[in-house]
Amino acid sequence: MTDNQAECPKCGCTQITANKKGFSLGNAALGGILLGPVGLLGGFVDSNIVKATCLKCGYSWRPGNLSAMDKYYQQERERKEKLSEELKNIHERASEELKKIHERARKKLKQK
């Protein structure tokens, strides 16, 4: 990830959309039940909150305000990337060793 590029804390994808939450019908209904007609204005509570949504996995979060779960996803993704890199290195070293063994065996067969 570059410094200017946002990424999904869950999957690391950089294809993200950001939208304002907008009017909440649920908040308006609850406010209407509890406070009557004035409570309907409760639908505007938190209406300016920006939510980011990953276009790859669909995960949503509030940018700049990572929750504990967001941080967990990010750490897990980083751990998996590190393990993947380590496995790749092990595979490369094993392939090189097998090539050396194969070459030694071929030389021994030619000597016979």
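A few points about this structure:
- When each of LYS10/LYS82; LYS10/LYS88; LYS88/LYS108; LYS82/LYS107 is checked by Cα-Cα distance, pairs over 26 Å: LYS88/LYS108; LYS82/LYS107
- Counted by Cβ distance under 10 Å from TYR59, the other residues give a net charge of +1, where Lys and Arg count +1 and Asp and Glu count -1.
- For the pair LEU34 and SER67, a Förster radius of 22 Å applied to the C-beta separation gives a FRET efficiency near 0.20, rounded to the nearest 0.05.
- Potential extension, HIS102-GLN15 segment - 0.36 nm per residue separation minus Cα distance: 26.8 nm
- Among 56-66, 7-17, 85-95, the order from most to least packed when residues are scored by Cβ within 10 Å on average: 7-17, 56-66, 85-95
- For THR14, neighbours were defined as the other residues whose beta-carbon sits under 12 Å from its Cβ, and their charges (Lys and Arg +1, Asp and Glu -1) total 0.
Readers should treat all values here as calculations from the given coordinates under stated rules, not as data from a laboratory. Keep in mind that this is a model prediction, so the values were computed, not measured. Note that we place each Cβ from the backbone using ideal geometry, even for glycine, and neighbour counts take in every protein chain shown.
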